[in-house]
Amino acid sequence: MCGIVGLFLKKDDLRPRLGDLLTDMLISMTDRGPDSAGIAIYGDESQGLKMTIQSDTPDEAFKGLEDNLNALLGAPVRMRVVDTHAVLSLPEGSEAEVRAYMSEKGIRVMGAGQSMEIFKEVGLPKDVASRFGIRQMAGSHGIGHTRMATESAVTTLGAHPFSTDDDQCLVHNGSLSNHNRMRRELARKGFVPQTQNDTEVAACYISSRLAEGANLGEALEGTLEDLDGFFTFVVGTKNGFGVVRDPIACKPAVMAETDSYVAFGSEYRAFANLPGIEDARIWEPEPATVYFWER
Amino acid sequence: MAWTELRDLNSTLQAQTGGEWVIENPRGAHALAVGLQAPLEVTIKGSTGYYCAGMNKEAQVHVTGSVGPGVAENMISGSVVVEGDASQYAGATGHGGLLVVKGNASSRCGISMKGINIVVHGNIGHMSAFMAQSGNLVVLGDAGDALGDSLYEARLFVRGKVKSLGADCIEKEMRPEHLEILADLLQRAGADADPSEFRRYGSARKLYNFHVDHAGDY
């Protein structure tokens, strides 16, 4: 099954409540996916680069990391530890060097960008949200996922969202049937999935199309041509939020829009606590149709 | 629903023999007001999740919001009226009664319907009335791809455009008896539309018996 949620604010009035609203949405989808949960949230832009990292042994892995990175880069680095994750504030242009360092130390990079932070773990959505303090987070938009594993193991890395380029992430309900072939094609283009998960292939696909110059709408259109299988994708970029369903559209989806926000949920239940939902325009996204918003 | 457990609510309603009931704060809950077997009048104020008013017999269920997948699935009799939109497979396998959707219904509306009458004021999605056996599907708006694929004897009336017809579904002549059936359904569904504006679709009955030449239809 899996459950997807997404919330894109059109105005700033709800910014302080983004994490709180998304947490309620995520928890309401627990029945659809109790294996793991994750959320990507687009908050305040940092001056340099933000990178979210993860370790199964954070006490050990994050000890002295700030100092080591300071020394490595010769520039100030800040680290905020949040449970098994940490968000690093890094100087611009240091991403490749820091990624190489993390890889050497066996620390996982969940995502990077100017505004995106990404938190995901195995466990019930309510526990995952509370471990990372998602309710307290502010921001302009975010997407979340509750997973019922089908295509790969129940692990932290198998949890969604998947981020395969700066400030980009994707969540998926469904299963892709041509992900192995696509994986090879994307790797040739330099977008190499890090896991065996089919969803990461879709995330890499979007990243590759955006890197080629497509806009978010065009990249989502491309999934209808090039990806085979059942899917409902919800994608976040630095300024955008997009939705697409395959032509058969058997994976559920419902959307709500008001003057303040656009919301996506696998079921209407996800919207029950949104402000002004009684007067929202509510509709089911059409199959093989791209919807996206940018601010 | 903010205070009542779903099982308590459904078992309370299932035990009634009549009366008017209002369910507040449905908050998209699944399986609301299912298995009713008496002429109750139930109003659900808001939007529901999956399988609302499933297996209904005799009850009149009115939803003021939208409904999730499988509304009025396997309905026997009575009526279900939805003010908003309906998600996938609305009225699937229904044996009787009337389902009215005042908004749009999405894919597979009336799939395998077996005698139910469905009136959709808006549009319906792809693969609607797939393998529909009997009953009437009335659509005031447009129909999506593959309408009436592998249709048996259900009658389909569409006022708007049909994107494509499914295998063995053809347009048929609108005879006086069909106009009469349609006028009655429109009136019962509170739809202000002229029966003469509709086209009728039905089964070409070519798939009733196996014929190797039809293998290409699939």
*Evaluated at 20 °C with a viscosity of 1.002 mPa s, what Stokes-Einstein diffusion coefficient in µm²/s does the protein assembly as shown have when Rh comes from the Kirkwood expression over alpha-carbon pairs?*
88
*If you build a Gaussian network model of chain B, linking Cα atoms that sit under 10 Å apart, which residue out of B:196, B:150, B:77 swings the most?*
B:196
*Computed log₁₀ I(q)/I(0) - Debye formula, equal Cα scatterers, no solvent, region B:123-210, q 0.17 Å⁻¹*: -0.63
_Sort A:142-154, A:188-200 by packing, meaning the average of other beta carbons within 10 Å per residue, with the highest value first._
A:142-154, A:188-200
*When the helices in chain A are scored as -39500 (n - 2.57) per DSSP H run of 4 or longer and the sum is shared across all residues, what 222 nm value do you end up with, to the nearest 500 deg cm²/dmol?*
-7500 deg cm²/dmol
*Length added when fully stretched, residue A:148-residue A:239, from 0.36 nm per residue minus Cα-Cα*: 29.9 nm
*Quick one: angle between helix B:176-188 and the longest Cα principal axis of chain B, in degrees between 0 and 90, rounded to 10, please.*
20
*From largest accessible area down, sort B:168, A:20, A:279; use a 1.4 Å probe on the protein chains.*
A:279, A:20, B:168
_Peptides B:121-129, A:234-242 ordered by average Cβ neighbours within 10 Å, highest first_ = B:121-129, A:234-242
*Principal axes first, then extents: for the Cα atoms of region B:25-100, list largest minus smallest coordinate on each axis, whole Å, largest first.*
26, 23, 18
*Across the residues of A:267-278, average count of Cβ atoms on other protein chains within 10 Å?*
5
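Considering only protein heavy atoms and a probe of 1.4 Å, how much of the accessible area of region A:1-72 is carbon and sulfur, as a whole percent?
Percent of accessible area from carbon and sulfur atoms in region A:1-72: 45.
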*Translational D (Stokes-Einstein, µm²/s) of chain A at 20 °C and 1.002 mPa s when Rh comes from the Kirkwood sum over C-alpha pairs?*
113
*Inter-centroid distance (Cα atoms) of region B:121-142 relative to region B:14-93, Å*: 19
_Å² per residue, accessible surface of region B:63-196 at 1.4 Å_ = 34
*Per the 1.4 Å probe, what fraction of the accessible area of chain B, in percent, lies on carbon and sulfur atoms?*
49
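Return the FRET efficiency for the residue pair residue A:15, residue B:188: r is the Cβ-Cβ distance, R0 is 51 Å, and the value is rounded to the nearest 0.05.
According to the calculation, E is roughly 0.55.
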*Can you give the three extents of the C-alpha atoms in chain B along their principal axes, from longest to shortest, in whole Å?*
58, 37, 26
*Contour excess over end-to-end distance, with Cα ends at residue A:96 and residue A:136 and 0.36 nm allotted per residue*: 11.4 nm
*asked:* Let me confirm one metric for peptide B:54-66, namely the mean number of other chain beta-carbon atoms within 10 Å of its residues' beta-carbons.
replied: 1
*For chain A, what's the relative contact order in percent, using C-alpha pairs closer than 8 Å and at least 6 residues apart?*
24
*Please identify every one of the chymotrypsin sites (Phe, Trp or Tyr not before Pro) in region A:1-95 that sits in a loop by DSSP and has no more than 11 other beta carbons within 10 Å of its own beta carbon.*
none
*Reduction of at least 50 Å² in accessible surface, 1.4 Å probe, comparing all protein chains with the chain by itself, residues of region B:91-130*: B:126
*Tell me, what is a quarter of the convex hull surface for the C-alpha atoms of region A:129-172, in nm² with one decimal?*
3.9
*Over region A:77-223 - Rg/Rh using Cα atoms and the Kirkwood inverse-distance radius*: 0.94
_Suppose we take every Cα in region B:64-136 and form the convex hull; what volume per residue is that in Å³?_
53
*With each pseudo-label sitting 7 Å past Cα toward Cβ, what's the residue B:25-residue A:215 distance in nm, one decimal?*
4.3
*Calculated FRET efficiency, residue B:177 and residue A:260, Cβ-Cβ r, R0 60 Å, to nearest 0.05?*
0.70
_Principal axis extents for region B:146-191, Cα atoms only, whole Å, descending order, please._
31, 19, 15
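Kindly state, to the nearest 0.05, the FRET efficiency for residue B:58 paired with residue B:197, given R0 = 30 Å and r defined as their beta-carbon distance.
On the way: r = 33 Å, r/R0 = 1.08.
The calculated FRET efficiency here is 0.40.
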*Among all the lysines, which ones have a C-alpha under 28 Å from residue A:50's C-alpha, if same-chain residues fewer than 8 places away are not counted?*
A:10, A:11, A:63, A:105, A:120, A:126, A:189, A:238
*asked:* Over the Cα atoms of region A:1-127, what radius of gyration and what Dmax do you get, in Å?
replied: 15.9, 48
*Any number yet on Rg/Rh for region A:229-295, C-alpha, Kirkwood?*
0.96
*Name the most mobile residue of A:43, A:158, A:93, meaning the one with the largest mean-square fluctuation, in a Gaussian network model of chain A with Cα contacts below 10 Å.*
A:93
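When ligands, DNA and RNA are left out and all protein chains stay put, how many square angstrom of accessible area per residue does chain A have with a 1.4 Å probe?
Here the per-residue accessible area is 39 Å².
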*Grab the DSSP H runs of chain B that are 4 residues or longer, score each as -39,500 (n - 2.57), total them, divide by all residues and round the 222 nm result to the nearest 500 deg cm²/dmol.*
-3000 deg cm²/dmol
*So which lysines can residue B:45 reach, going by Cα to Cα under 16 Å and dropping same-chain residues fewer than 8 places off?*
B:102
_Computed Kirkwood radius, in angstrom, where 1/r is averaged over Cα pairs of region B:98-155_ = 10.6
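The values are calculated or read from the model by the stated rules, or taken from the named source; none is laboratory data. What you are looking at is a predicted structure, and each value in this text was computed from that prediction instead of being measured. Backbone-built Cβ (ideal geometry, glycine too); neighbour counts: all protein chains shown. Side chains included, ligands, DNA and RNA excluded: accessible areas come from the protein's heavy atoms. Shrake-Rupley method; radii C 1.70, N 1.55, O 1.52, S 1.80 Å.
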